[in-house]
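Reading through the structure tokens given below for one structure.
The values are calculated or read from the model by the stated rules, or taken from the named source; none is laboratory data. Note that this is a predicted model, so its numbers are computed, not measured. Here the Cβ positions follow ideal geometry from the backbone for every residue, glycine too, while neighbour counts run over all protein chains shown. Note: areas computed on protein heavy atoms with side chains; ligands, DNA, RNA excluded. Shrake-Rupley method; radii C 1.70, N 1.55, O 1.52, S 1.80 Å.
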Amino acid sequence: MTSKEQEPGDRFKAVWIIFLMLGLGTLLPWNFFLTAIGYFKFKLRDVDVDIDSLHANGTYGLNGTLVPQENYLQEKLGNVMTLCAMLPMLIFSCLNSILLERIPQVVRISGCLGAIFVLFLLTSILVKVSMEPTIFFTITMLTIILINSFGAMLQGSIFGLAGLLPAAYTTPIMSGQGMAGTFAALAMICAIASGSEQTESAFGYFNTACVVTLFAILLYLALPYLEFSRYHFNKKKDEWKKEEQEEEKFCKVDLNKQDQSNAVGRRTSTHLMENSSTETNRCSSIFAILRKIWPMALMVCLVFSITIGVYPAVTVDAKSTISADGMWGMYFIPICCFLFFNTFDWLGRSLTAVCMWPRKGSKLLPALVITRIIFIPLFMLCNVHPRQLPVVFAHDAWFIVFMMVFAFSNGYLASLCMCYGPMNVIAKEAETAGAIMSFFLSLGLAFGACLSFLVRGLV
């Protein structure tokens, strides 16, 4: 590649669209399982409970409608699902820095997508299989652990791959992740609106996930054949080689000076070369890169800790005070919790493509991130059942407004941090910086999952 070679354009935004779909693929598994929480509770129900027992053990909402008493597995489902999803994401995000160098990129990405496809297929098959609730609960949690482990490896690899392209190509990944939740929520709403039985709706729902995952695999395999992506991948390799040649040249000049002034000669040169090599490795190490990006890494961690602390463990148990038993009550959580969260989260992530404010280094950015802590008590005081605290924000409108602002701030601030992080390092370190940011994102998710047990217990 010559320096005079003109940079090709991203024709039809093909590369941008591929990264959008790959971003969708990273969070599609979690969102499809999360949005289907109603189906999982249906499978875990006590089938021998009669209507008299329901009236005896149920609780009543603010509008006098019956809120059924859930069994132990149903009650703990949201918290355990979140924990089983987020801890594997943290562990495998940590391992990404090792896997990055040991496993080829094409194997990591296509292999993870293939495994996710198989797990979705298995989940779809289990819809048609009747089994004891405890066994179903165990299989579901194991599936969530596996599917999110592969999702974490996929996420780190995708962000690392985006580090080889211009900085703007981190945005479609973040936007695609937001779109994953919106897509899952819409798919669930369509399944409910179809009027089919619970199992039939869930079967079509999980088959939809299989089709989308397969499509993402095909798009990734097409990426190396596109001129724009091929140009930038080769360009980064040339930059790395140039940087390595400059480092070697610097070492040789330094060693030559030492040879001229030192009679010991060869032994001194060898010693200096070893020290120089050690220093070069240290400067390009993970810890050296982390020192450059740690403020952004901590902020993205805090953003997701706050979010997962209440969503979905608390928000999924909110009840409508307008029409809990009517049509609106049936769609309240799919629309007001899942669809609104994911739509406004997606809008927040996508806005960074046209506006990046506050600027990198601004004190306002960490202030905005810390301010989001207020959402934890706000959602705790909404009409969430079962509960011990008094309900302060009873009307559905309060919950909807809180959800919109909560989701938008999550998407926008997280996307800003993920974009700013790799900007603080040189080209050679961009891929590793992306993987580190992805690790801290997963760390925030894991902290939030642990926090959700405390928050839900206090409600």
Flag for residue 77 being open to solvent by less than 40 Å² (accessible area, probe 1.4 Å), in a helix (DSSP H, G or I), modelled with pLDDT of 85 or more and in contact with a Leu (Cβ under 8 Å, 6 or more places away or on another chain): yes
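Each row is one residue, and each column tells you yes or no for (1) part of a helix (DSSP H, G or I); (2) open to solvent by less than 20 Å² (accessible area, probe 1.4 Å).
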| position | (1), (2) |
| --- | --- |
| 302 | yes, no |
| 338 | yes, yes |
| 349 | yes, yes |
| 355 | no, no |
| 369 | yes, yes |
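So that you can scan it fast, the table gives a plain yes or no per residue for (1) touching a Pro at 6+ places or on another chain (Cβ under 9 Å); (2) of a type outside the set (Ser, Thr, Tyr):
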residue: 75; (1), (2): yes, yes
residue: 79; (1), (2): no, yes
residue: 82; (1), (2): yes, no
residue: 90; (1), (2): no, yes
residue: 95; (1), (2): no, yes
residue: 113; (1), (2): no, yes
residue: 119; (1), (2): yes, yes
Within region 82-97, considering residues that are closer than 23 Å to residue 161 by Cα and not aliphatic (A, V, I, L, M), the one modelled with the highest pLDDT: 88
Single residue of 361, 326 found to be closer than 30 Å to residue 433 by Cβ and not aliphatic (A, V, I, L, M): 361
Test: residue in region 87-98 that is in contact with a Lys or Arg (Cβ under 9 Å, 6 or more places away or on another chain), part of a helix (DSSP H, G or I) and open to solvent by 30 Å² or more (accessible area, probe 1.4 Å): no
Qualifying residues in region 433-448 (those that are of a type in the set (Gly, Ala, Ser) and at pLDDT below 90) - the one farthest from residue 285 (Cα to Cα): 446
Selection count, region 99-110, where residues are assigned to a helix (DSSP H, G or I), without any contact (Cβ under 8 Å) to a residue 24 or more places away in the chain and not hydrophobic (A, V, I, L, M, F, W, C): 2
